[in-house]
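One structure is given below, encoded as structure tokens.
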Amino acid sequence: GECDYSRPAAEGAPAWKQLRGFLPAAEGRRPHEGLDLGNGRGGDAVRAAAHAIVVVVRDGRDGSGYGSHVVLAHRLREGGLAYSVYSHLQPGSIAVEEGQRVWAGQALGAVGRSGRASADHLHFDVRLAGYPGQRWENARAVDPVAFVTARLPRRDADTTGTGAYLDWADRAGLIEAGADPGAEL
């Protein structure tokens, strides 16, 4: 589908590959609390996974392993708050500011290798806040592939022409997931 990160880009860019997956903390091993995605090159746009508010923008000079990174806060349909984290961005490429509202698909920056990274890639985290105001760094990391996949819009083939509008409204959190495009509005 259109949200499959492994599809080649329309302009012929190489397909993205999962370089390293989510590995929860366990005794005796170091966790990897996100997903590393790469396509063999830097500079490609990194886009917001969903509508959100920008809560953190760092240029990478803070010494964290995340390098240049952006953190978005998302209100969940089921209640609560999730953070999405976009790390190892190219220094100087960040195109958003703290406090700014962003829309799904909006460019945040460019793929890079800032922080602790040995190759150009995007490190993508999803974290669930346990209470309002919990900082993203302290929120519980979850498998980003499972989290995003469970929240993708589910639409049957649309023959009415309203599917695109329903998809937009679903992503914006304005209607319930799974709204019938054939139903009366």
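The values are calculated or read from the model by the stated rules, or taken from the named source; none is laboratory data. Bear in mind the structure is a predicted one, so any value in this text is a computation, not a measurement. Cβ sites come from the backbone with ideal geometry, for glycine too, and all protein chains shown count toward neighbours. These area figures cover heavy atoms from the full protein model, side chains too; ligands, DNA and RNA do not enter into them. Shrake-Rupley method; radii C 1.70, N 1.55, O 1.52, S 1.80 Å.
Applying 0.36 nm per residue to the separation of GLN100 and ASP62 and subtracting their alpha-carbon distance, the gain on full extension is 11.5 nm. Expressed as a whole percent, the accessible surface of the range 23-72 that belongs to carbon and sulfur atoms is 49, based on a 1.4 Å probe. For GLU137, the shell of other residues with beta-carbons less than 15 Å away shows a net charge of +1, using +1 for Lys and Arg and -1 for Asp and Glu. Sequentially through the range 52-58, phi angles give Karplus couplings (6.51, -1.76, 1.60; θ = phi - 60°) of 6, 10, 6, 10, 9, 9, 10 Hz, Gly and Pro residues having no value and appearing as x. Per-residue packing, averaged as other Cβ atoms within 10 Å, sorts the ranges 15-26, 88-99, 72-83 into the order 88-99, 72-83, 15-26, beginning with the highest.
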